[in-house]
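The values are calculated or read from the model by the stated rules, or taken from the named source; none is laboratory data. Predicted, not measured: the structure shown is a model, and the values here were computed from it. Every residue, glycine as well, gets a Cβ built from its backbone with ideal geometry; the counts of neighbours run over all protein chains shown. What goes into the accessible areas is simple: the full protein's heavy atoms, side chains included, and nothing from ligands, DNA or RNA. Shrake-Rupley method; radii C 1.70, N 1.55, O 1.52, S 1.80 Å.
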Amino acid sequence: MRKETVEQKVYHLIKNAILNRQIAPGNQLFENAIAQKVNASRTPIRSAIMKLEAEGLVNVIPNKGAFIVQPTIEEMVQAFEMRKTLEEMAIKTGFSNLGTEEVKELKQLLNEMKSAYKERNIVTYQEKNNEFHLVIAKASGNSYLIQFMKKILSQITTYMVLYDVFNGNSNNEELDILEHEQMIKYIENGEEENIRSLILKHLDTSLTKLQQDKLNYQSLTTLF
């Protein structure tokens, strides 16, 4: 098997296992064990792990090894506090620029979120959710705000995928969708203060849900 093929195989296998919550946060990735399982050298394995690290899914600790990211409650709180600040800034500077085209885009993204929810596809659900919130940030025209928003959304998505999503309580996800529907109505009605309050409440709810870790994981070695 060519190096590129091995690297891609390992990368996608581990990434999918993380995003589908088949392995727990904090699990160590043993290069030797993975290399033996796929019958390859450690070089492509290491490259795959480095790619996962760049995406914020893996932490590589010198002299210890690579581990599935395992954020602390404090780190998650800090991420959400930063996002609140960015969301408020986005609304303050971009709300007046939200017009018919943006509302149309938001409605399309919401429909895609609903479809992903029905299919229990958390990865797609989070991707569309991020795009939804980026519409408002992009309306600000502030390239730095957009850049930082993309970064924090990506990090929080990792946390949501690892700890929260579709854990059997459909009320949480249905409320999430209803809140996004209400956001669109506030935009259509020009209610800036109401959407600001709703988004902050929405984020507080999401953070609370993140603290409920009731997932079942499997051993990494069973994936290869």
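Tell me yes or no: at least one residue of the stretch 70-79 is at pLDDT 90 or above, out of contact with any Lys or Arg (no Cβ under 7 Å at 6 or more places or on another chain) and of a type in the set (D, E, K, R).
No.
Six or more apart or on different chains, Cβ atoms under 8 Å: show the pairs whose first residue is in the stretch 50-65 and within 20 Å of residue 9 (Cα to Cα) and of a type in the set (D, E, K, R) and whose second is open to solvent by less than 20 Å² (accessible area, probe 1.4 Å) and at pLDDT 90 or above.
Pairs found: 51/11; 53/66.
Working only within the stretch 6-38, note down all residues that are aromatic (Phe, Trp, Tyr) and over 16 Å from residue 64 (Cβ atoms).
Listed by number, the list holds a single entry, 11.
Have a look at 137, 79, 116, 90 and point out the one that is small (Gly, Ala, Ser) and more than 18 Å from the chain's Cα centre (by Cα).
One residue alone meets the criteria, 90.
Quick check on the stretch 28-45. Is at least one of its residues touching a residue at least 40 places away in the same chain (Cβ under 8 Å), within 26 Å of residue 150 (Cβ to Cβ) and either small (Gly, Ala, Ser) or part of a helix (DSSP H, G or I) (or both)?
Looking through the stretch 28-45, none of the residues is touching a residue at least 40 places away in the same chain (Cβ under 8 Å), within 26 Å of residue 150 (Cβ to Cβ) and either small (Gly, Ala, Ser) or part of a helix (DSSP H, G or I) (or both).
May I ask you to say which residue of 95, 132, 148 is assigned to a helix (DSSP H, G or I), within 21 Å of residue 200 (Cβ to Cβ) and open to solvent by 90 Å² or more (accessible area, probe 1.4 Å)?
Of the residues listed, the single one that is assigned to a helix (DSSP H, G or I), within 21 Å of residue 200 (Cβ to Cβ) and open to solvent by 90 Å² or more (accessible area, probe 1.4 Å) is 148.
Looking only at the stretch 158-186, how many residues end up being modelled with pLDDT of 90 or more, surrounded by 19 or more Cβ atoms within 10 Å (Cβ to Cβ) and within 14 Å of residue 117 (Cα to Cα)?
Of the residues in the stretch 158-186, 1 are modelled with pLDDT of 90 or more, surrounded by 19 or more Cβ atoms within 10 Å (Cβ to Cβ) and within 14 Å of residue 117 (Cα to Cα).
Test residue 22 against the stated conditions and say whether it is open to solvent by 10 Å² or more (accessible area, probe 1.4 Å), touching a Gly at 6+ places or on another chain (Cβ under 7 Å) and part of a loop (DSSP other than H, G, I, E, B).
For residue 22, the condition - open to solvent by 10 Å² or more (accessible area, probe 1.4 Å), touching a Gly at 6+ places or on another chain (Cβ under 7 Å) and part of a loop (DSSP other than H, G, I, E, B) - is not met.
Within the stretch 34-76, how many residues are buried (at least 16 other Cβ atoms within 10 Å of the Cβ) and among the hydroxyl-bearing types (Ser, Thr, Tyr)?
1
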